[in-house]
Amino acid sequence: MTDRITLLRWAFWSLLVVISVGLLFVRLLPLDLSAGRFPGPDIFMAIVMAWMLRRPDYVPIFLVAAIVFLTDLLFQDIPAVGALIAVLGLEVLRRRETGLREQPFLVEMGVVAAVLLAMLLGERILLMVFFVDQIPFGRALMQFLATIAVYPVVVFISVFVLGIEKLQPGDDPVRSQAA
């Protein structure tokens, strides 16, 4: 028999895969839902960052890297650059998670915005070094702003619908879910 903690981890890992497949499916649909001027947010990255700051054990880094890598391949982006940048950004958040447990939401949102901006600039610099064509900086900046704007909604759904709350300073992830 599997304990409750392992079952919850596998359930949220599976939910992460289902969400990413759903988001990929919607992006691959041949529908023009936008006016073409304002790029949509990176909802997957917002979800992963929100979960990383609440329950890092629900976000397996290799799974996220594989999903981002497959997304890069599907949309014919530069392979592995997005996955590398995502892994670096998520590891920065994983290191900051314990310090952000007691902080208010605006501080968390500021840290997420800073990490997303660093990921954006790091990817652009890396691609610039290798003379790779990129989307215009303004369009990338608009996607960054859209992702920051959708982040509070993602956190709201994660906390109040899915029940993914921050661990408290003295909590053990095994004891907090077993109670």
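Values for this structure:
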{"item": "Convex hull (Cα only) mean projected area of segment 97-175, reported in nm² to one decimal", "result": "7.0"}
{"item": "Given 10 as the ceiling on other Cβ atoms within 10 Å, longest exposed-site-free region of the chain for chymotrypsin sites (Phe, Trp or Tyr not before Pro) in DSSP loops", "result": "1-129"}
{"item": "FRET efficiency, 1/(1 + (r/R0)^6) with R0 35 Å, evaluated for MET128 and TRP13 via beta carbons", "result": "0.50"}
{"item": "Nearest-ten-degree value, helix 137-160 long axis tilted from longest Cα axis of the chain", "result": "20"}
{"item": "Folded to 0 to 90 degrees: helix 61-74 orientation relative to the chain principal axis, Cα", "result": "30"}
{"item": "Rg in Å to one decimal, and Dmax rounded to a whole Å, for the chain via C-alpha atoms", "result": "16.8, 54"}
{"item": "Contact order normalised by residue count of segment 48-179, Cα under 8 Å, 6+ apart, percent", "result": "31"}
{"item": "Portion, in percent, of the accessible area of the chain that falls on carbon or sulfur, probe 1.4 Å", "result": "69"}
{"item": "Segment 1-123, relative contact order [Cα under 8 Å, separation at least 6], %", "result": "23"}
{"item": "Å² of accessible area per residue within segment 1-151, as computed with a 1.4 Å probe and no ligands counted", "result": "59"}
{"item": "LEU23-ILE78 FRET efficiency (beta carbon distance; Förster radius 25 Å; 0.05 resolution)", "result": "0.80"}
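The values are calculated or read from the model by the stated rules, or taken from the named source; none is laboratory data. What you are looking at is a predicted structure, and each value in this text was computed from that prediction instead of being measured. Every residue, glycine among them, receives a Cβ derived from its backbone with ideal geometry; neighbour counts consider all protein chains shown. Side chains are part of the model used for accessible areas, which takes the heavy atoms of the whole protein and leaves out ligands, DNA and RNA. Shrake-Rupley method; radii C 1.70, N 1.55, O 1.52, S 1.80 Å.
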